[in-house]
Amino acid sequence: MTKKKDPNARREAEKYAQPIQSREFILDLLEDIGRPVPQDELEQRLNLKSDDDQEALRRRLRAMVRDGQVVQNRRGGYGIARRMGVIAGRVQAHKDGFGFLIPDEGKDDIFLSPRQMASILHGDRVSVRISGEDNRGRLEGSVVDILERNTKRLVGRFFKESGVQYMVPDNSRFNHEVIIPEGKAGSAKPGQIVLVDILEYPTKKTQPVGEVYQVLGEHRAAGMEVEIAIHSFGLPSEFPEPVKAEAKTFGEEVAEKAKQGREDFRELDFVTIDGEDARDFDDAVFCEETAKGWRLIVAIADVAHYVQPGSPLDQEAETRGTSVYFPDWVIPMLPEELSNGLCSLNPDVDRLTMACEMLVDKDGKVGRAKFFNALIRSHKRLTYTQVGKLLDDGDPKMHQSLGRFVPRLQALHDLYKAFASARKRRGAIDFESVETKIVFDADRKIEDIVEVQRNVAHKIIEECMIAANVQAAKFLDKNGIPTLYRVHEKPPADALEKLRMFLGPLGLQLGGGDSPSAKDYSKLIANIQDRPDKSLIETVLLRSMSQAVYQPELNGHFGLGLDHYAHFTSPIRRYPDLLVHRGIKHILAGKPAHEFPYDNKRMENLGTHCSMVERRADDATRDAVSWLKCDYMKDRIGDEFDGLIIGVTSFGLFVEIKGMHVEGLVHVTTLENDYYQFDPTMHRLVGERGGLEFRLADPLRVRVARVDPDERKIDFEPIIDADEVRARRKARGSKPIAKPSGRDDRGGKKKGGAKGKKKDKQGDKKKSRRRRRK
């Protein structure tokens, strides 16, 4: 029996009616023992005599196994996972049957072979033991235990062949067909899209078994792409009844009591500036010129007033984490009663807001900032197009139409110029991106895909929001309140090394040594503006940078060149913004930091979750848009388009059609009659004999060869005339690149060495002859 005291005993007593020793204490005890221990021995050492205490220990050990903290061996003993060489994490499956374990502790991914993946589904949590390295030098794992099944329901197409019923999941990461037993198909007909509940999970010898839960509809029905994405990516789309009930309790107008004790800004000429199709308005702005610069007030919907911590609304908002925007469809984070109603800053109605007032000097520097619980009234709902016509085009009709708001908009324009100058001085990185909009016909089929051009109005609002985000981060940091910052880390060392290897042969250099700043990137971008390969270089620069995440550590925003940055301006559609608002409200209420109901550990977990759901939303939207674009292109097989190479791999070129932003693959076997070598450093394919090369960002005319909406795939064939080939060779003086002996295009060892290479060439020649015969 151990005589040590559990330092976390008080915490456990507050959480549980029948408290036992904490997880930390049990792990320390196992560390001291130095070997796996069965439960009955642990009961003795922890002095747990009652049946209730022993049952509590059993549940705790089971939870610790599930979370990858301990492992139960074949003899029933519990040992510390890391001491037993076992690593826990979540599985990311690949459509080709293999997968990777993403460790909970953030270490390198571990390769899982198709054999190891046989009993695992994408998203499952498992524990693995390192079994060696594969032929590409990656750590390879052997599955020890399946800790948690992540998938209970799948979406896909129902089939019936030779008396066998099965469903093929739409998400290609789920590469198991689900067997549907007789009597479990409901009203499903072959070819329809169905939801299937998993009844039995796969084993190494058997496929998963399921039951049709719901028939969603015909395969290519209008709107089906959104339904598929919702279920394929596990997006919460229906609000639970308690959430809907709570949303209705607030009424349709702001209660008079809620207006009390707030800074009253209703007389100020606040306006909202958004897109024509916007429905929820997070932010409104007011600007006036002062003797030393400008007074800017950014007013943001006070969602935190309505959504209280722990309420049904809050729990659902946390689960969703973000609104998800599909073409012509939105899954909101909050019910419409709030998102389009009480929280939306609609014109000519009183609204509760969190306002950030900033005094900005002529150099674009914020000298003083102050936050308020405020009451405002938006006096005009403006669009980017209207403001652009006024400020960019000087449209006299728009000048007359906007009347008294013109001086406010001109003040915003002047302020933007000062912000833009400050942005340039600090070296913020600017990549001009083009967005597209899908135009639907009456049957919700794509009628057109058009580019959306950013004008000065977009940039004005962007700079105002960035300024408010910076001040929110500074305010919370100064007052020691845990929060989620929007962090964009510096480029990782390996990415910088690859970038410099790419820039060197082009005669370019990125300054900053081992730790370049945003200013170093911006300086390089400025130096390449007149180069013909500008697009290529900018693309490679962009790909070298890290992905932005939410986290409680204040590590700055590399791309914007800022030390402080948080998301404050969109609490209707982003949960991190709501958390930032709660922190600011806590400070304004005069409460001490230690009473804030979130600590760093809780924020860390929320940051991981919010980053994950943000990526999930992006993936789901991309999937639906890809389906729509494939559906749009299926009637254009044989048509020719001008494209741009946006990706280069050993197996071919990814090409995007100009103006439409439709992507497809030009497989390497469709290129000119030559063998092409992949040069990953210079992002190109180079012909061995002719020296013709295809580089990232090169223009390439293509013909649509094949379209498969189910696979989200479009295949192109290149159209290259002899004059273009000669011109390319002459302009670049391309030389064949030397491939490392005995290695394949991916850097892995070839099984057959030189002989294998020779056989591969002979096989490719035979394939080429067969293609010509066809």
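The values are calculated or read from the model by the stated rules, or taken from the named source; none is laboratory data. Quick caveat: nothing in here was measured; it's all calculated off a predicted structure. Here the Cβ is made from the backbone with ideal geometry for all residues, glycine too, and neighbour counts use every protein chain on show. Heads up: the accessible areas ignore ligands, DNA and RNA and are worked out on the full protein's heavy atoms, side chains in. Shrake-Rupley method; radii C 1.70, N 1.55, O 1.52, S 1.80 Å.
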Calculated [θ] (222 nm, deg cm²/dmol) that DSSP helices of n ≥ 4 give over the chain, each run adding -39,500 (n - 2.57): -10000 deg cm²/dmol
Heavy-atom accessible area order for PHE694, PHE475, largest first, 1.4 Å probe: PHE475, PHE694
Within segment 345-462: Cβ-based charge dipole about Cα centre, in debye rounded to nearest 20 (Lys, Arg +1; Asp, Glu -1): 700
Farthest toward positive dipole pole in the chain [+1 Lys/Arg, -1 Asp/Glu at C-beta], among PRO236, LEU700, VAL298: LEU700
C-alpha center-to-center spacing [segment 691-717, segment 407-483] in angstrom: 33
For VAL164, solvent-accessible area (1.4 Å; no DNA, RNA or ligand), Å²: 70
With all protein chains modelled, accessible area of VAL439 [1.4 Å, Å²]: 50
Under-25-angstrom lysine pairs by C-alpha in segment 1-111, whenever the two are 8 or more apart or on separate chains: 8
Environment charge at SER517 (Cβ cut-off 11 Å; Lys +1, Arg +1, Asp -1, Glu -1): +3
Solvent exposure ordering (accessible area, 1.4 Å, most first) of THR206, THR272, THR322: THR206, THR322, THR272
Rg followed by Dmax, in Å, when segment 396-542 is reduced to its Cα trace: 20.4, 57
Area accessible to solvent at PHE596, 1.4 Å probe radius, in Å²: 20
Calculated FRET efficiency for the pair THR436/ALA705, C-beta based, R₀ 30 Å, to 0.05: 0.85
Within the accessible area of the chain (1.4 Å probe), percent carbon and sulfur: 47
Under 11 Å, Cβ to Cβ, from ASP170 - net charge with Lys/Arg +1 and Asp/Glu -1: -2
Chain lengthening between ASN527 and THR151 when straightened (0.36 nm per residue, less Cα-Cα): 130.4 nm
Accessible area of the chain divided out per residue, in Å², using a probe of 1.4 angstrom: 50
Given charges at beta-carbon only (K, R positive; D, E negative), |dipole| of the chain in Debye: 3580
Added length on full extension, which subtracts the Cα-Cα distance from 0.36 nm per residue, SER50 to ARG279: 76.5 nm
Candidate aspartates and glutamates - alpha carbon under 16 Å from LYS474, same-chain residues fewer than 8 apart omitted: GLU357, GLU553, ASP563, ASP577
Unit charges on C-beta of K, R, D, E only; dipole of segment 29-80, Debye: 280
Gain in span if fully extended, SER237 to ALA222, counting 0.36 nm per residue against the direct Cα distance: 3.6 nm
Spin-label model distance (nm) - TRP329 vs ASN555, 7 Å beyond Cα toward Cβ: 3.6
Distance between segment 531-597 and segment 79-153 - C-alpha centres, whole angstrom: 31
